[in-house]
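Written below as structure tokens is the structure these notes are about.
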Amino acid sequence: MARPKRLAVIGLDSATIDFIERFAQEGRLPNLARLMERGLRTETISVMPVGTAENWRTIVTGAYAGTHGVTAMSLGRRGDPLEKRRSAFFSDNCRAEHLWEVAEKAGKKSLLLKYTGSWPPTTPGITQVDGFGDPEWNIHEISPRLCFASYPLASNPPHVTSPQWISRAYEVRIAPASGWSNLPASDLPPLETALRFIPRTYDAKGPTEYSGKEKVFSVAIIGDRERGYQAAIFSEDKDAANPRSVALPLGRWSDWTEAVFELPEGQRTGLFRLKLIELSPDGSRLKIYLSQIFPTTGWTQPAPLAEELVAKIGPYQELSGILGPWLSYWVDEDTILEEVEYQAHWLAAAARYLLQNKEWDLFFTQWHGIDHMDHGFLGGIDPFSNTYDPDREALCWHIIEKTYEQADLIVGAVLDSVGDDTLVVLTSDHGHLPVRANLRMGLSLGIKESYHRDDVNEQLARHGLLAFQDGPYGFPVVDWSKTKACVTRANYVEINLKGREPHGIVEPAEYEEVRNQVIKILDAMQDPETGDHIMTWTMKKEEARFLGIYGDGVGDIVFFAKAEYSRPHQDKLRFRMLSGNHHFYLPDVKFDLGMMHAVTIFAGPGIKSGVKREQPINMVDIAPTAASLLGLPAPANSEGRVLMDLLAEPPAAGKALGGDERQVAT
Ligand SMILES: [Zn+2]
């Protein structure tokens, strides 16, 4: 039987089989169509909790969340206060062996192109590009996206997995220009404004203090009497002829430029571009959007690869935090879609370049575009969603379609660059559901963080188990001195247990009683309009082991909500609403326009072609199956099984799928 010699894993966060089939039939996804034709496609049951950090680890280890240790999007450490959580995306959170480590022992070389949750690199032998992957922030970035306006704007709400709060929208003043040289002719008196912000930085363990040195850029505003002010020039030294100064045409991106930033670890060069979003003809109203500022080095192994990729392909940008500028009304959908497209093109080009020019046996990449856009816009296409607006439906469809089309470019780049000897595994980590919450108040179970008065925490507060106090930036925070139970992350309620938590107030003797009380409160939660119960399942953590949820990183109580109930209503004046979600639910739910099942497509030597598997596979099956097909042992902590039915011809008895007798398929 033909046996694959190499492996290419293409990760598309949040992709579903329904959308892939639908858009492929419409002719939008030529590359995914050819992959489906060549291979076997199947729905896939995610591990629980159904989050990104958890499942991308499972895909490359074959282990359940409790086994690999990544049990939520953020993790606490014993002794840290409950509100202090570390991003689960650091690779050292994973306790299970990765496929690339198994491969390395067998003398095979791995290439990781932004495979989420894999930074810092776990072994020195792999070639790696970025791979931090937290959807909210990136460890390498010099600055997240920023906005400067002549009037007040909302800043992104704080997020539990991201570094400490930093205001990211700044109000600027406009004044007559002075001290500029080489400005183009303007028959209106030039105006100017200053863009000031503090870059941030992180050490290897996570965010450090808000400690970069303030950076100041200048912007000159020019125009003519006929049309008024209608263009701007960005410069660090007020010299418009400096090659690093760039024109800001209204409504379009500037060219890329660079600047040197003073960070605690020293000087770093960062690349970025800007977009003049708004400029009133009288020069009184201005809004400028600044892209993420990403350094030119520090995000690859080996180190010189970063500069090589920037030179060959262009500036690298991560999509982390991409929805924030849209949620905060800084920019419209077109701007973030342009950023999504930019990154997809970059990744596609990088995949081609690396696969064709570097040595590799195993390749892994992951793209987050679909997940971001689903969170933002999936409800916009579903008439049953409380975020649905018929006037926006076409726009939301356009965004979802365009994003899948971008994913298809990445798939095409990989398919074009690997040979017939390669096993291609395209997979997502979970599906996505449109927010339904058909309650005007928008009942919320999306308890991302303690800063928001979301409904579970609100319920706990009503029953005297949780107390809020006023916090900075207008968001309430938890008063731990009066709090016995709180949701701070994932679908967990944490008990503020004395002796375990630094601000613990629940006596060990009272622990069971408090847990029983919390479960009663959760079980009693009802939709005020229909009377339906909101929770589908609540349990103590020790009862969730059979779901793969166990260990230190799990909260004291685990809950799953019915999929109809979702994300928080937000303060609509300051923030737009998210409209898709996948956390908090069991992994088998399906709506007309949303499904929780992930998708996997296997294609390559010996694999059935053009087939759809009737039953879903389990996420834990992917790694042991891929390993077996390559003739490698399964990763050490793998709990999945080898899927023999993928093969066009069953292997001879006693032989592993790849013909390797060391490991017998079971
Ligand atoms: Zn995800």
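A few points about this structure:
- Arg576/Lys213 FRET efficiency (R0 35 Å; Cβ-Cβ; nearest 0.05): 0.60
- Computed FRET value (nearest 0.05) for Glu614 with Phe384, which takes r as the C-beta separation and R₀ as 35 Å: 0.80
- Our summary gives the chain a relative contact order of 23 percent, counting only alpha carbon pairs under 8 angstrom and 6 or more residues apart.
- Sites listed here are GluC sites (Glu not before Pro) in region 468-541 whose DSSP assignment is loop and whose Cβ has at most 12 other Cβ atoms within 10 Å: Glu529.
- Accessible area in the full protein assembly, largest first, 1.4 Å probe, for Glu458, Glu265: Glu265, Glu458
- Surface share of carbon and sulfur [accessible, 1.4 angstrom probe, percent] for the chain: 49 percent
- Remark: spin-label model distance Glu513-Asn242 equals 6.7 nm, labels positioned 7 Å along the Cα→Cβ axis.
- Remark: for residue pairs Lys5/Lys109; Lys5/Lys612; Lys540/Lys590; Lys109/Lys358, the C-alpha separation exceeds 19 Å in Lys5/Lys612; Lys540/Lys590.
- Legend: residue pairs Lys114/Lys213; Lys84/Lys541; Lys105/Lys608; Lys482/Lys520, Cα-Cα distance threshold 23 Å; pairs beyond threshold, Lys114/Lys213; Lys105/Lys608.
- Net charge contributed by nearby residues that have their C-beta within less than 14 Å of Ala348 (K/R +1, D/E -1): -1
- ³J(HN,Hα) computed for each position of region 351-361 - Karplus, 6.51 cos²θ - 1.76 cosθ + 1.60, integer Hz, glycine/proline x: 4, 4, 4, 5, 5, 8, 10, 10, 7, 7, 10
- Computed label-point distance, nm, for sites Arg22 and Asp527 using a 7 Å Cα→Cβ extension: 2.1 nm
- Oblate is the label for region 455-565, because the ratio a/c of its alpha-carbon gyration tensor axes (a ≥ b ≥ c) is 1.5 or higher and a/b is not greater than b/c.
- Charge dipole of the chain about the Cα centre (unit charges at C-beta), most positive-ward option of Leu646, Val172, Leu362: Leu362
- Label-zone membership for region 134-157, site Ser280, 7 angstrom Cα→C-beta point, backbone N under 17 Å: 148-153
- Modelled spin labels at Trp397 and Asp92, positioned 7 Å past Cα toward Cβ, are 5.0 nm from each other.
- The ratio of the alpha-carbon radius of gyration of the chain to the globular-protein estimate 2.2 N^0.38 Å is 0.97.
- Note that the chain presents 36 Å² accessible area per residue, ligands and nucleic acids not counted, probe 1.4 Å.
- Once backbone amide H atoms are built at 1.01 Å from N, Gln292 has Arg145 as its partners under 5 Å, excluding neighbours fewer than 5 places away on the same chain.
- Glu171/Asp552 FRET efficiency (R0 41 Å; Cβ-Cβ; nearest 0.05): 0.40
- Mean separation of Cα contacts under 8 Å (6+ apart) over length of region 340-445, as relative contact order %: 40 percent
- Rounded to the nearest Hz, the phi-derived 3J(HN,Hα) couplings of region 103-118 under the Karplus curve 6.51 cos²θ - 1.76 cosθ + 1.60 (θ = phi - 60°) are 5, 4, 4, 8, x, 9, 9, 10, 10, 10, 9, 6, 8, 4, x, 10, where x marks glycine and proline.
- Stokes-Einstein diffusion coefficient of region 283-341, Kirkwood radius over Cα pairs, 37 °C, 0.692 mPa s, in µm²/s: 244 µm²/s
- Sum of -39500 (n - 2.57) over DSSP H runs of 4+, divided by residues of the chain (222 nm, nearest 500): -6500 deg cm²/dmol
- Shape class of region 252-383 from the alpha-carbon gyration tensor: oblate, with a/c at 1.5 or above and b/c at least as large as a/b.
- Centre separation in Å (Cα based) which lies between region 233-285 and region 301-339: 16 Å
- Surrounding net charge for Trp119, when Lys and Arg each add one and Asp and Glu each subtract one, Cβ distance under 12 Å: -3
The values are calculated or read from the model by the stated rules, or taken from the named source; none is laboratory data. Because the structure is predicted, anything quoted here is derived from the model rather than measured. Neighbour counts are summed over all protein chains in view; Cβ atoms, including those assigned to glycine, are modelled from backbone coordinates with ideal geometry. These accessible areas exclude ligands, DNA and RNA; they are computed on the full protein's heavy atoms, side chains included. Shrake-Rupley method; radii C 1.70, N 1.55, O 1.52, S 1.80 Å.
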